[in-house]
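Trainee: Below you will find the structure I want to go over with you.
The values are calculated or read from the model by the stated rules, or taken from the named source; none is laboratory data. Treat the numbers as computed from the prediction; the structure is a model and nothing was measured. Cβ placement follows ideal geometry from the backbone for every residue including glycine, while neighbour counts extend to all protein chains displayed. For accessibility, only protein heavy atoms count, side chains too; no ligands or nucleic acids. Shrake-Rupley method; radii C 1.70, N 1.55, O 1.52, S 1.80 Å.
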Amino acid sequence: MFKHKKRLGQCFLIDKNFVNKAVESANLTKDDVVLEIGLGKGILTEELAKNAKKVYVIEIDKSLEPYANRLKEMYDNIEIIWDDALKVDLDKLDFNKVVANLPYQISSPITFKLIKRGFDLAVLMYQYEFAKRMVAKEGTKDYGRLSVSVQSRADVDFISKIPPTAFYPKPKVYSALIKIKPNKNKYYIENEDFFDDFLRAIFQHRNKSVRKALIDSSKELNYDKDEMKKILEDFSDTNSEIKNLINEKVFKLSVGDIVKLSNELYKFTKR
Ligand code: SAM
């Protein structure tokens, strides 16, 4: 008898409707190579194998091997990688789509790792609260670093809310299906590392003005508070738009405004 491991987020899908919804949302063709994170008992893997050219599955728990073997006897287009998805070099796998019911404890790092690697389309299941933060718009309580970090690099759509009854064992919270389509043309980011540091700095103080937030978190950008104060004084003299933006509260700024501020501050400090 298989024993579910809570620490690995092992709530397996049992409701076929949501398996079908995930597969349909990914618009799979026989040209697609799909990456799945987390095999479980393979309920999603089987549908992916039927609809795609090839499926890579990364699974950390070797005790699920009997389920993998059963699937591999039926389908010859499944390759299982027994490893931690956070440690696998994704550049070595030639997938173009990602479909997965993610283990909730690695939601954030695996999402960023996937976006960095790049793909055509991803359809992913997250905890509902996490999903809401991914799609949140400026001015709302769920809007934060995650929202801006993802939406600045991709188009993100909320597909559907999923009740706990769709899984076994039944989780305590709702889940959600999200579609992510990377979009390099959406915004131009001058320097990705600076942008990530900038986001970390300002969203540590989402209710303060950008100016105050940057001074309070100046260490994230490798300055002390007095240096940052001086930089921002000169920076806000650049033009009235910059002045207005840095005096606005962090959580009220749109993704576009935040990208603009980060780009301008990067160029200003590198002059
Ligand atoms: N796809 C299956 C389903 O929908 O029923 C399983 C989904 S379950 C939420 C997450 C799966 O990811 C589990 O099988 C778990 O063992 C696996 N897992 C957890 N952490 C992992 C990691 N770091 N790398 C790879 N797989 C992981």
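Trainee: Test each condition in (1) touching a His at 6+ places or on another chain (Cβ under 9 Å); (2) in contact (Cβ under 8 Å) with a residue 24 or more places away in the chain for residue 251 and report the one that comes out false.
Mentor: (1)
Trainee: How about the range 40-63: which of its residues are within 10 Å of the ligand (Cβ to nearest atom) and in a strand (DSSP E or B)?
Mentor: Within the range 40-63, 57, 58, 59 qualify.
Trainee: Looking only at the range 134-176, which residues are hydroxyl-bearing (Ser, Thr, Tyr) and assigned to a loop (DSSP other than H, G, I, E, B)?
Mentor: Residues satisfying the conditions are 140, 143, 152, 174.
Trainee: Could you list, in sequence order, all residues of the range 64-94 that are within 12 Å of the ligand (Cβ to nearest atom), out of contact with any Lys or Arg (no Cβ under 8 Å at 6 or more places or on another chain) and not hydrophobic (A, V, I, L, M, F, W, C)?
Mentor: Listed by number, the residues that qualify are 65, 83, 84, 87.
Trainee: Do you know which of the residues in the range 215-244 that are open to solvent by less than 20 Å² (accessible area, probe 1.4 Å) and of a type in the set (A, V, I, L, M) is nearest to residue 196 (Cα to Cα)?
Mentor: 221
Trainee: Turning to a different aspect of this structure: I need the full set of residues from the range 95-112 which are assigned to a helix (DSSP H, G or I), more than 12 Å from the ligand (Cβ to nearest atom) and surrounded by fewer than 20 Cβ atoms within 10 Å (Cβ to Cβ), in order please.
Mentor: Once the filter is applied, which keeps residues that are assigned to a helix (DSSP H, G or I), more than 12 Å from the ligand (Cβ to nearest atom) and surrounded by fewer than 20 Cβ atoms within 10 Å (Cβ to Cβ), the range 95-112 yields 108, 112.
Trainee: State whether the residues of the range 26-38 include one that is more than 10 Å from the ligand (Cβ to nearest atom), buried (at least 20 other Cβ atoms within 10 Å of the Cβ), assigned by TED's automatic domain parsing to the domain that holds residue 104 and farther than 23 Å from residue 111 by Cβ.
Mentor: No, the range 26-38 contains no residue that is more than 10 Å from the ligand (Cβ to nearest atom), buried (at least 20 other Cβ atoms within 10 Å of the Cβ), assigned by TED's automatic domain parsing to the domain that holds residue 104 and farther than 23 Å from residue 111 by Cβ.
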